[in-house]
Amino acid sequence: MSRKTPAIRQLWLTACISLFTTLLFACAPRPTPTPAAATLSPLPAVPAGAVLGVELTTERDEGQVELAAGTGARWVRVPLRWRTIEPRQNTPPAYRFDTYDTLLSALHSRGFQIILTVRDNPTWAADTPCGPLNAAGQEAFLRFLEEAVGRYHREPYAVHHWELYNEPDNTDAETYGAQGGCWGNAPAAYAELLRRAYPVIKGADPDAVVIFGGLALEQIEGNPFNVRFLERALDAGAGPYFDWANFHYYPAFSYRWDRFGRGIQGKHAYIRSILKRAGFEKPVMCSELGQPTAGPAAEGYSDQKTADEMVRSYARAVWAGMPAAIWHKLQDRPGEARLYGLVDAGGVPKPAYRTYQLLAQHLSSAHFRGELSVSEPLEAYEFAYEEDGFTHLVIAWRNGDGPAVPLHISASRALVVRVVGEEMVVQPQRAEDLVIPIDSQPLMIVY
């Protein structure tokens, strides 16, 4: 055996250490990604009002069309329930599209861009209504998608956005299956579903946008969600087979995401970081954004808190360049513990409905310019504005409790809109010098 020289021994030792380290980390559990996403610059901003959307939780109440149109939203998210359309397995398939034909044509006639969330398996196609399909169900699902996309991409429907299941990262079909997804223990199967569905959807409508099912990614009591679901699906090859990533955001869980960014920006940045690590840069939308107006007394819900969260989250969503952020939801259902709707179960608009209208009214005339350079705890976003002789819009609030913070703007007059609907015209004491006190309730200021 020849003796190694010191230099060769050193190279050999270095190579062994490098190999050992590589194997060690490859086999170790993967930690939560570091907050690298927080340093990512925002994507190019979309026209401000284009981000606004609302969710319909039923396809059978046509009165929701007028209520949705009254919000001023651009998007509407609608559940497309496979089991309703194909309840029995027949040869050839017998589809029942009538209910959706009526609803979708009415929504399109009111100018909405429609997102259809495909969900709810027939009993013959899967063991659960929300998760992996059996062999017959897999083939039937592809036929169903081809039929549905081929039907609804044309007039009078013009549907081009397709989301595959709701919260597919759910692992508990029994407790949470009614929410529409439970692929959480089978991310590779969901990746395979995307791989097969993507060309079918694109073949039926080359302009279609395929959307990853909205991810919860939260750790709640019982922890039903696989917080690694997106990573595992990407590891299994899902990356090329969806156009938009997608998540759900509720302020109650903001503490988990604030280290990546502020509020909804943090969770959005986290999703982008996961995609970036896998080699992808895709638009990331939010298909559920909500804050209850009422619920258990100990949780402290109120109309004011809902209004505040709505304005903050949408301003931040515009900054992040989200193509859409869908408010959950348009209307309450009787007996719910937490009331997220803009209107109550009887169809009566709440104060949150008026807040949404005010946002839509002002953002429809606005184009995002950037975040104002202000000192903490103030947070403010600036828009170019074109209405009633005004040219600027600023949305601003104070983060945290404490006294109001002065915001200085150069203007001779301003219309200040509180998010609960109060409006007032502010005139400065001298021209071009206007100071507006900003507290924790967001203000929309046009000047």
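Brief remarks on what is shown
- Our estimate of slack between Leu372 and Asp172, defined as 0.36 nm per intervening residue step minus the Cα-Cα distance, is 67.6 nm.
- Dipole magnitude (debye, nearest 20) for the stretch 320-447, charges at Cβ of Lys, Arg, Asp, Glu: 320
- Residue-wise HN-Hα couplings along the stretch 380-394, as the Karplus relation 6.51 cos²θ - 1.76 cosθ + 1.60 with θ = phi - 60° gives them from phi, are 8, 10, 10, 9, 6, 9, 9, 6, 6, x, 7, 10, 10, 10, 10 Hz; Gly and Pro carry x.
- Counting only DSSP beta bridges with both residues in the chain, the antiparallel share comes to about 55 percent.
- With 0.36 nm allotted per residue and the present C-alpha distance subtracted, the Glu155-Asp439 stretch has 97.5 nm of extension available.
- Net length gained if the chain between Arg333 and Ser412 were fully extended (0.36 nm per residue, minus Cα distance): 23.8 nm
- Unit charges at the beta carbon, dipole of the chain: most positive-side option, Val76, Thr99, Gly279: Gly279
- Across all Cα atoms of the stretch 369-446, the radius of gyration (one decimal) and Dmax (whole number) stand at 12.0, 35 Å.
- Taken about its Cα centre, the chain carries a charge dipole of roughly 1700 debye when the Cβ of each Lys and Arg holds +1 and the Cβ of each Asp and Glu holds -1.
- Note on Ala94 and Asp401: their simple-model spin labels are 6.3 nm apart, each label 7 Å out from Cα toward Cβ.
- Here the chain was treated as a single set of alpha-carbon atoms; its pair distances binned every 20 Å from 0 give 23, 52, 19, 5, 0 percent.
- Taking amide H as placed 1.01 Å from N in the peptide plane, the amide H of Glu55 sits under 5 Å from that of Arg77, Trp327, Leu330, each at least 5 places away or on another chain.
No value in this document is a laboratory result; all are computed from the given coordinates. Predicted model only: the values in this text are computed from it and were never measured. Reconstructed Cβ throughout: ideal geometry from the backbone, glycine too, with neighbour counts over all protein chains shown.
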